[in-house]
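Report on one structure; see the data block that follows.
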Amino acid sequence: MTYVKYTPDVEVIQPHEAEQVEKIVDMMHAQHVKTFDKLRHAVRDAHAKQHGTVVGTLIIPSLPEHLAQGLFAKPCEYPVVIRFSSAPGTLKDDSVPSPHGMAIKVIGVEGQKLLLEHADAVTQDFLLVSMPVIPFGTVEKYLEMQKFIALQENASEQAEKAFGLLAKGGKKALDLLGISNPVLDGLGIENEYLLGQTFHSMAALRFGDYIAKLSAAPLSPEVKALTGKAIDTKHKPSAQRDAVVDFFHKQGAEYELRAQLCTDLAKMPIEDGSILWEETLSPHQPIGKIIIPAQEAYSPARRVFSDDKLSFNPWHCLPEHQPLGSIMRVRKQAYASSTDFRHAMNAQPKIEPTSIDEIPD
Ligand code: HEM
């Protein structure tokens with residue numbers, strides 16, 4: 001198989017991109033301020049609701065040349081901290097289905113990081129969501145979606161509906177937003193246990209000499225058993241958190257981290273994150289294992305540390321893992337705006353851990 005080599009010109013700045021980015025970030029911030037006023041606490045502008053935070057180990061084996069790239073260049077073990085979440089920027093009852101997030105912070109990674117803030121920190125973040133593609137895969141489409149939501153009289157209700165329908169399969173939500181994406185039609189997800197889901201970078205990133213989308217898939221039998229399993233949320237507004245806490249009281253979990261390398265820039269585009277990279281063009285290849293032991297996933301100290309002191313950011317990465325494409329570029333400003341606001345309003349320090357021992361039990 002021939003893999004496309006990374007060169008800076010695989011990215012193409014889109015027409016009107018700078019002004020569209022500015023509009024997106026301004027609109028998101030306006031919503032963020034409203035949510036703060038409602039809650040009198042600053043939550044994340046996306047993925048506000050945490051379902052548990054766990055510590056574990058990323059084990060990188062000896063890999064063939066095309067996979068032995070960036071962080072994965074040599075066999076190594078790193079501690080990781082992982083925050084599970086739901087996508088909306090406010091706290092919804094878990095009966096409203098939503099895409100879920102798996103934010104991974106790898107600790108002990110030497111080398112300058114792309115984001116200037118904390119460039120010397122020994123952490124590297126990977127942000128994954130329980131959908132293979134991002135339906136609003138360009139800045140232009142993302143702005144359309146944002147405008148649509150802002151136009152609604154009751155913005156949060158509409159956003160709730162859109163997120164819920166998206167998790168259920170996408171078609172109706174996308175029709176609602178005037179955007180169609182056949183890839184999501186087949187997903188047909190009801191409201192399922194998040195620990196059984198596969199989490200994806202959705203858009204592309206640099207993978208050393210190559211370009212990839214990353215994903216983490218359930219590996220141990222206990223998490224595999226939850227794949228596609230409906231979760232009972234009736235009268236249980238925190239059903240997902242309760243399930244995560246209960247799970248890790250009883251046992252640990254293993255996930256396989258995988259890279260899907262780009263083999264064809266036309267069929268596997270960088271600039272539109274809504275297009276699925278077909279497995280027939282390039283398989284998801286294992287690059288490491290994440291091993292999470294049994295533990296307390298939502299102690300008060302850990303919740304506060306994870307929600308209010310930590311930030312996960314796709315741009316907090318080695319240059320070898322630079323996010324690629326317009327939907328990734330807008331994230332640079334969007335995450336900075338969200339994290340700056342919430343740390344300032346909650347009067348909390350921004351912490352990049354230097355050791356796993358800093359994560360409270
Ligand atoms: C392209 C694929 C994307 C993935 C895989 C993704 C994933 C995630 C995840 C997992 C989190 C939770 C991080 C945590 O637990 O702290 C998050 C947070 C966030 N996302 Fe995304 N996201 C994507 C695209 C976007 C886009 C396009 C925007 C905005 C234009 C956006 C804005 C945000 C914001 C503002 C936060 C909260 C940041 C903070 O306050 O720390 N994301 N994202």
Nonlocal amide H pairs with G288, under 5 Å, H built at 1.01 Å: L257
Dipole of the chain, positive end: most advanced residue of S62, A212, A150 [Cβ charges, Cα centre]: A150
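Take each of the peptides 307-314, 287-294, average the number of other beta-carbon atoms within 10 Å over its residues, and list them starting from the highest.
Going by the mean number of other Cβ atoms within 10 Å, highest first, we get 307-314, 287-294.
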- prompt: Simple spin-label model, 7 Å along Cα-to-Cβ: E358 to A119 in nm?
  reply: 1.9 nm
message: Using a 10 Å cut-off around each Cβ, can you sort T280, T198 from fewest to most neighbouring Cβ atoms?
response: T280, T198
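So, with +1 on the Cβ of K and R and -1 on the Cβ of D and E, and no other charges, what is the size of the charge dipole of region 17-96 about its Cα centre, to the nearest 20 debye?
380 debye
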field: Cut-off under 5 Å, modelled amide H: who pairs with A42 long-range
entry: N346
task: Could you pull out every whole DSSP H run in the chain that spans at least 27 Å of Cα extent along its own axis and averages -1.0 or higher on the Kyte-Doolittle scale?
output: 17-39, 326-345
query: Using alpha-carbon pairs under 8 Å, 6+ residues apart, how would you state the relative contact order of region 2-117 in percent?
result: 23 percent
- request: Sort F341, F199, F247 so the one with the fewest other Cβ atoms within 10 Å of its own Cβ comes first.
  value: F341, F247, F199
query: With point charges of +1 on the Cβ of Lys and Arg and -1 on the Cβ of Asp and Glu, referenced to the Cα centre of the chain, which listed residue (A334, M202, H235) lies farthest in the positive direction of the dipole?
result: H235
query: So which of K5/K213; K38/K92; K38/K147; K234/K289 end up more than 25 Å apart, counting from Cα to Cα?
result: K234/K289
field: Total charge dipole magnitude, region 64-133, about the Cα centre, Cβ charges on Lys, Arg, Asp, Glu only, Debye to nearest 20
entry: 80 debye
task: Would you pull out the residues with amide H under 5 Å of L115's amide H, same chain only if 5 or more places away, H placed 1.01 Å from N?
output: C317
query: How big is the charge dipole of the chain about its Cα centre, in debye rounded to the nearest 20, if each Lys and Arg gets +1 on its Cβ and each Asp and Glu gets -1 on its Cβ?
result: 600 debye
message: What three numbers, in Å, describe the spread of the alpha carbons of region 24-147 along their principal axes, ordered from the longest?
response: 48, 32, 31
statement: Restricting to Cα pairs under 8 Å and 6 or more apart, the percent relative contact order of the chain works out to 25 percent
message: Apply the Karplus curve 6.51 cos²θ - 1.76 cosθ + 1.60, θ = phi - 60°, to the phi angles in region 302-310 and return the couplings in whole Hz, x for Gly and Pro.
response: 5, 4, 5, 4, 6, 6, 9, 9, 7
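Quick note: the coordinates plus some simple rules give every number you see, no bench work behind them. The shown structure was predicted, so the numbers you read here are calculated from the model rather than taken from an experiment. Every residue, glycine as well, gets a Cβ built from its backbone with ideal geometry; the counts of neighbours run over all protein chains shown.
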